[in-house]
1. Would segment 113-437 count as rounded, prolate or oblate if I go by the C-alpha gyration tensor, calling it rounded below 1.5 in a/c and otherwise prolate when a/b exceeds b/c, oblate otherwise?
2. Using a cut-off of 13 Å between beta-carbons, work out the net charge of the residues near residue 343 (Lys and Arg +1, Asp and Glu -1, residue 343 not included).
3. If packing is taken as the average number of other Cβ atoms within 10 Å across a peptide's residues, how do 289-295, 360-366 rank, most packed first?
4. Between segment 120-185 and segment 235-266, what is the separation of their alpha carbon centroids in Å?
5. Give me 429, 235 sorted ascending by neighbouring Cβ count inside 10 Å, so fewest comes first.
6. For a footprinting-style exposure proxy, rank 48, 300 by other Cβ within 10 Å, fewest first.
7. Would you mind counting up the charge near residue 259? Only other residues with Cβ under 12 Å from its Cβ, with Lys and Arg at +1 and Asp and Glu at -1.
8. Once phi is turned into θ = phi - 60°, what whole-Hz ³J(HN,Hα) does the Karplus curve with 6.51, -1.76 and 1.60 give for every residue of segment 197-207, x standing for Gly and Pro?
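Please treat every number below as a calculation from the coordinates, not as lab data. Source: prediction; values computed, not measured. Neighbour counts run over all protein chains shown; Cβ positions are idealised from the backbone, glycine included.
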Amino acid sequence: MMLRTEPTWTRLALAVWLPLGLAAQVASAQEGGKDAQAAGEERAASDSLREVVEEQAAELAALRRRLEAARGEVALELDDLRLEVELLAEDIGGAGQAPPAPTAPGANAFNPQITVFADALGRIDDREVFGDEGDEPARIDDRFALREVEIDFRAAVDPYADAVVILAAEGEGGGELEAGVEEAYLTLKRLPFVDEAPAGLKLKAGRFRSSFGHLNRIHGHDLPWPTRPASIAAFLGEEGFAHHGLAGELFLPSAGEHDTLEATVEILGGGGIAIDEETEGSDFASVGRLNYYRELGDESDLTLGLSTYQGGDDADLYGADATWRWRPVEGRGRRSLLLGGELVHGDLATDDGPADSTGGYTYAQLQLGADLYAGLRYDWIDSEGEAGLDTQTFGAYVSYYTSEFLRLRVGAEHVTSDDDEIDSLDTVFVQLTFLFGSHPAEPYWVNR
């Protein structure tokens with residue numbers, strides 16, 4: 001019996017333990033698979049965390065570079081401030097010297113604001129060039145000369161009127177400077193018995209620059225170029241058109257709060273204008289101008305102008321101008337773009353009959369930095385009945401301001417003309433302009 005039952009128990013044990021062993025192996029294999037999956041997930045999470053850490057490290061390095069750049073800019077600004085403090089200290093009297101005693105309040109209330117301007121121009125030409133002044137014009141090529149000095153006086157005469165007197169000494173090509181009164185006028189803002197002038201009316205009397213066109217009111221040292229456009233000089237003169245007379249300026253109703261419309265009317269003595277120098281001074285002339293200004297958002301604005309000069313039966317002028325200015329909010333004072341132009345048409349009566357002339361200019365200026373500007377200009381004039389006025393000029397320039405008191409400029413011009421003396425003329429200009437005293441507002445194309 002024992003011999004028969006032993007195989008039975010053996011078979012029974014195998015039947016029981018064999019499935020249990022297989023189940024244990026399967027369970028062990030499943031546990032191993034789970035461990036491998038968990039390890040893979042851990043590796044993926046580790047890789048993702050490593051990428052995040054690397055991105056944050058790159059951002060931190062970029063922030064560090066920005067901080068270093070900002071520190072450099074701040075250091076430069078601090079150096080500029082230290083230099084200004086040193087210059088102020090020298091003005092006061094230098095180290096160890098006591099500053100001047102403070103003046104009593106109102107001690108200078110009756111003294112005018114005084115500014116002195118000096119403008120020097122050097123030029124290199126590829127041929128001999130002669131000036132336009134005098135019976136025997138002198139050579140003006142290949143030389144450096146002081147061409148203008150101005151003394152500007154401005155003051156409030158009383159609560160109702162302001163006065164301006166500008167004395168100037170001007171010359172061409174190193175010749176003698178001729179002194180004279182460039183402007184001297186009184187501006188009446190309102191009368192004592194009127195609380196406020198209607199429509200902002202201002203009356204002007206004396207000798208002043210006419211409001212015809214866009215450039216005429218701008219003095220030579222304030223131009224964005226070394227020279228005045230030949231087209232404007234042919235109509236109004238190399239230094240612009242100033243005359244004795246009366247003028248009224250007032251604001252007209254405009255479309256909205258972002259628009260301004262201004263009108264100017266002038267009654268001037270006759271003559272004194274380049275296009276009609278022979279007109280008798282006893283004849284009167286009239287000038288009218290409409291000036292429209294509009295803000296185009298926070299970063300740009302547009303100015304449009306229409307002008308007319310009526311000089312009696314001998315000379316009439318008509319002009320139109322436009323100026324667009326862009327100054328981005330980000331980087332204000334370091335970036336700007338200026339586009340503009342002006343067109344003038346003249347009707348002139350001569351002994352040989354009517355002679356019509358049309359001319360104008362267009363320009364672009366880009367601000368490259370806080371103190372650096374570069375630009376291009378093209379101007380032309382076409383004339384009927386007078387040889388030598390069909391002229392085109394192409395120019396380029398770079399201006400650098402060490403401060404608002406000192407400017408250095410380099411420019412170049414190429415001329416094509418029906419006049420053989422200046423046809424294909426190439427000129428390089430070097431300009432130095434400085435001022436001291438009570439500094440007036442800078443021109444609109446200098447964006448500080």
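1. Note, shape of segment 113-437 comes out rounded.
2. Every neighbour counted, the sum reads -4.
3. Values: 289-295: 17.3, 360-366: 19.3.
Per-residue mean Cβ counts within 10 Å order the peptides as 360-366, 289-295.
4. If you average the Cα positions of each part, the centres end up 24 Å apart.
5. By the 10 Å Cβ count, ascending: 429, 235.
6. By the 10 Å Cβ count, ascending, the order reads 48, 300.
7. Summing Lys and Arg as +1 and Asp and Glu as -1 gives -3.
8. 5, x, 6, x, 4, 10, 10, 10, 9, x, 10
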